[in-house]
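Below is one structure, written out as structure tokens; the observations come after it.
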Amino acid sequence: MQSRNPTRRRVLSVLSVVSLASVALTTLVFRYGDEAYWPVMLAVSLPPVVFAIFPVILLIVSGVKRNWRMLGLNLAALLLVVGPIMGFHWRVKTVPLQGRAMRVMTWNVEKWSYGPDAIARGVRAQHPDVVCFQEAGDYPYVPGTQGEGLIAALPDYHFVRAGEIIVGSRWPIAKLAETPLPGPASRPALCVAVNMEGRKYTVVSAHLLPSDIDKHIFNARSPLNIYAQQFAARRQSQGVAVLRAMAALPGPKTLCGDFNIQPQSSSCRRLARVYPDAFEAAGRGYGYSLTADTPVERADHILVSRDVTVRDCWVPSLIASDHRAVVADIILPTPRSL
């Protein structure tokens, strides 16, 4: 018995070091990795909480064995997971209200799976000034009034539609552009102008491609590395199209939508370098929106131009879709700063 203890201790030490090194590598991948490489795509497609499984197990074993050095090592690995890997954010203080405040909301309504009335109730509960919907088209296999039902249920809003995208506003609203994106033709980037007492504010709603890497693994028609390269190229072309469309639009801007990817992905990071992430700026916690019942991924995003200040950002506990909504209180620049 005594001779086996040193061996077990060495095994625990090796596994703990490997675990910490793996977590540290994953942290770097999330910060700098390119999803054109299939291991990176797989990593950013997984719910981040899965990276906590191995450190938690080793932490428990270290405690049971009273190996305090390895306990500290595994605690460090776990803190890396629950912090940067899982995307924990905590705003230190609320930005004082200076300028024109506006509440923006984005929500993938899952092809009206709960019905337009449930969506309307969720909108009224958050009372946004502007709301963007994805998967909000009219589907022949879905009963009921769908988009028109939502519009009828929210008479205080003005609406613009394009395919499966709807944008609503309490203020007068006008379509600026309908930018086609690689992927389904029914999911363009819908660009609208919100007219607030003579001031123009631009909102873009988009629904980007999912990686579907899990489906490809089980139904592979091409090598995984080829699939990752092809998907990354399509996703990058979507991002370029969105950024070009937004660059041509006037005034302060917000990009909302279901990006179908987590903020650690290279495609999401490219967008956020130009238009900062509202939740990273002013959110608390993890901001997970998918799935609604047990949220473990941050797939829905609100990005803003740099002349816009984010005062708060949160994910309300609304369940009327497989996604939860994301809401942000933003402060538009004063006329002098425009």
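The values are calculated or read from the model by the stated rules, or taken from the named source; none is laboratory data. Everything numeric here is computed off the predicted structure, so don't read it as measured data. For neighbour counting, all protein chains shown are included, and Cβ atoms are generated from backbone atoms with ideal geometry for every residue, glycine included.
Name the one entry in 27, 106 that is under 22 Å from the mean Cα position of the chain (by Cα), farther than 24 Å from residue 316 by Cβ and of a type in the set (Ser, Thr, Tyr).
It is 27.
If residue 105 meets every condition in (1) in contact with a Pro (Cβ under 6 Å, 6 or more places away or on another chain); (2) not assigned by TED's automatic domain parsing to the domain that holds residue 298 apart from one, which number is that one?
Looking at each condition in turn, residue 105 falls short on (2).
Return a yes/no flag: does the stretch 90-99 have any residue that is at pLDDT below 95 and over 26 Å from the mean Cα position of the chain (by Cα).
Checked the stretch 90-99: at least one residue is at pLDDT below 95 and over 26 Å from the mean Cα position of the chain (by Cα).
Does residue 92 fit the bill of being β-branched (Val, Ile, Thr) and crowded, with 18+ Cβ neighbours inside 10 Å?
No: the conditions fail for residue 92.
Need pairs with beta-carbon distance below 6 Å; first residue in the same structural domain as residue 235 (by TED's automatic domain parsing) and within 14 Å of residue 154 (Cα to Cα) and within the stretch 165-189, second of a type in the set (Ser, Thr, Tyr) and in a strand (DSSP E or B); sequence gap 6+ or separate chains.
167/205
Give just the number: which of (1) in contact (Cβ under 8 Å) with a residue 60 or more places away in the chain; (2) within 20 Å of residue 169 (Cβ to Cβ) does residue 233 not satisfy?
Exception for residue 233: condition (2).
Search the stretch 144-155 for residues that are touching a residue at least 24 places away in the same chain (Cβ under 8 Å) and pair each with any residue that is charged (D, E, K, R) and surrounded by fewer than 18 Cβ atoms within 10 Å (Cβ to Cβ) when their beta-carbon atoms are under 6 Å apart and the residues are at least 6 apart or on different chains.
146/138; 147/138; 153/117
One line per residue, one yes/no per condition, for (1) over 23 Å from residue 292 (Cα atoms); (2) in a loop (DSSP other than H, G, I, E, B); (3) at pLDDT 95 or above:
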| residue | (1), (2), (3) |
| --- | --- |
| 128 | no, yes, yes |
| 140 | yes, yes, no |
| 150 | no, no, yes |
| 161 | yes, no, yes |
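Touching a strand residue (DSSP E or B) at 6+ places or on another chain (Cβ under 6 Å), at pLDDT 95 or above, under 22 Å from residue 194 (Cα atoms) and not acidic (Asp, Glu): is that true of residue 251 in this structure?
For residue 251, the condition - touching a strand residue (DSSP E or B) at 6+ places or on another chain (Cβ under 6 Å), at pLDDT 95 or above, under 22 Å from residue 194 (Cα atoms) and not acidic (Asp, Glu) - is not met.
Of all residues in the stretch 209-248, which are touching an Asp or Glu at 6+ places or on another chain (Cβ under 7 Å) and modelled with pLDDT of 90 or more?
Correct list: 232 only.
Of the residues 308, 326, which is within 25 Å of residue 193 (Cα to Cα), among the β-branched types (Val, Ile, Thr), modelled with pLDDT of 95 or more and not assigned by TED's automatic domain parsing to the domain that holds residue 81?
Just one listed residue meets the conditions, 326.
Would you check which residues across the stretch 16-42 are touching a helix residue (DSSP H, G or I) at 6+ places or on another chain (Cβ under 8 Å) and closer than 19 Å to residue 272 by Cα and list them?
27, 29, 30, 31, 33, 34, 35, 36, 40, 41
Taking interchain pairs and intrachain pairs at least six residues apart, which have beta carbon atoms under 7 angstrom, with the first residue in the stretch 253-281 and within 23 Å of residue 231 (Cβ to Cβ) and touching a residue at least 12 places away in the same chain (Cβ under 8 Å) and the second assigned to a helix (DSSP H, G or I) and among the hydroxyl-bearing types (Ser, Thr, Tyr)?
Partner pairs satisfying both residue conditions: 261/267.
Which residues, taken from the stretch 30-61, are in contact (Cβ under 8 Å) with a residue 24 or more places away in the chain and β-branched (Val, Ile, Thr)?
Within the stretch 30-61, 40, 44, 49, 61 meet the criteria.
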